[in-house]
1. Structure shown: which of Lys73/Lys253; Lys51/Lys73; Lys62/Lys191; Lys143/Lys347; Lys73/Lys277; Lys51/Lys143 lie over 31 Å apart, alpha-carbon to alpha-carbon?
2. Can you list residues whose amide H is under 5 Å from Val315's amide H, if they're 5+ apart or on another chain and H is modeled 1.01 Å from N?
3. Can you list the HN-Hα couplings for region 120-132, worked out from phi with the Karplus curve (6.51, -1.76, 1.60; θ = phi - 60°), rounded to whole Hz and with x for Gly and Pro?
4. Given a cut-off of under 8 Å on Cα pairs at least six residues apart, what relative contact order in percent is computed for region 26-76?
5. Quick one: if you stick a label point 7 Å off each Cα along the C-beta vector at Ser130 and Met249, how many nm between them?
6. Express in whole angstrom the spacing between the alpha-carbon centres of region 35-112 and region 193-227.
7. Using 7 Å Cα-to-Cβ label points, what is the Arg27/Lys355 separation (nm, one decimal)?
8. In what sequence, highest mean first, do 74-81, 154-161 appear when ranked by Cβ atoms within 10 angstrom?
Amino acid sequence: MDNYKEVEGKRVHDHRFGKNTMSTLARCIWVPCPVIIGAGPSGLAVAACLKERGIPSLILEKANCIASLWKLKTYDRLRLHLPKQFCELPFMPFPENFPTYPTKTQFVAYLELYKNSFGLDPVFNKTVVSAEFDDQCGFWRIKTLGLKQEETEYVSQWLIVATGENADEVVPRIDGMDDFGGPILHTSSYKSGLLFRGKDVLVVGCGNSGMEVSLDLCNSNARPSLVVRDSVHVLPQEMLGKSTFGLSMWLLKWFPVRLVDRFLLLVSRFMLGDTEKFGLHRPEFGPLELKNRSGKTPVLDVGTLAKIKSGNIKVCLGIKRITHRAVEFVDGKKENFDAIILATGYKSNVPQWLKEADMFSEEDGMPKEAFPRGWVVRRRVHKTWFAWCLL
């Protein structure tokens, strides 16, 4: 931080701000370059792109490492669901010896190599508690807390939000949860099905995580049941010898979304059969149109559907209530379980700290402007800009 103006332990008056920059803060740091919130893949990529143009940046990260979601909150068997060429960061492809779908360990190693190659040096253990644009002085004021609750305020012309869509766990409150008497955990705490060998486990949520955790449990000789409350698109991971995602992106260059959706569903029906027979009802809109409308991602099947068809994974309707070591479903059925795993996803934490409600939805923390305009929002105040990264 040698290039940053830092003042400790006292109030500071600066003609650029027109008022005290600190009141009770222990430190105030003037940053003459963009401040990036988040040291995940998007934060690292933005910092590298800026550096390639000769622009330094300051990355603030609440965890003690880069890519904390991948390092600390993912299960062991996780792989990239998309081929590596669609997941590489700017200026550096994946190593050639990596498989098409790199493992969690390989992806994290790639990100570490990326960080080191570009000489990126995030400031760790800095939780942003508020970021507000000061109209009087024309700067962003970014307040953080450290491990010992020490306060630091960073002041900069530029703010880049790179905290992604999956910052905080979504943990629903279900009637009777406190009475269950067994483990209830979010997938962010799940590592391996080996801990549940021989047990009856209920997985709540049928997205990519819920499907893959159910498969992992099944392969570990647990007895998983999967709660499917909403409609869901299940697509094969690959079609016609190509990744479904890659094929979709290629088709969209030539055909409208609805026509591509029809093609994807036709091939999926041929390859996977009628998923409705197994309790997996498809939504009204096609997979790509639904993604554009609601952000809901289709499930790319990695083997779970075969286990559902064989009866090794049971599909259940929504939960009505939880009782001691049992769950009652909306169809009146009641079954006993040893553990419950919540595959209920994540949400943006932006509304908790970004004090610019005109830019984003307070409901889900996503930009109000539709893609691609929602990815970069500019404020033309004293040449100050605000960028939003959701990689």
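Quick note: the coordinates plus some simple rules give every number you see, no bench work behind them. A quick note: this is a predicted structure, and the numbers were derived from the prediction, not measured. Using ideal geometry, Cβ is built from the backbone for each residue, glycine included, and neighbour counts are taken over all protein chains shown.
1. Numbers: Lys73/Lys253 35 Å; Lys51/Lys73 29 Å; Lys62/Lys191 22 Å; Lys143/Lys347 22 Å; Lys73/Lys277 33 Å; Lys51/Lys143 24 Å.
From Lys73/Lys253; Lys51/Lys73; Lys62/Lys191; Lys143/Lys347; Lys73/Lys277; Lys51/Lys143, over 31 Å: Lys73/Lys253; Lys73/Lys277.
2. It is Leu226, by chain and number.
3. 7, 9, x, 8, 8, 6, 10, 8, 6, 9, 6, 9, 9
4. Here the relative contact order equals 40 percent.
5. 4.1
6. If you average the Cα positions of each part, the centres end up 28 Å apart.
7. 2.1
8. Packing order, densest peptide first, comes out as 154-161, 74-81.
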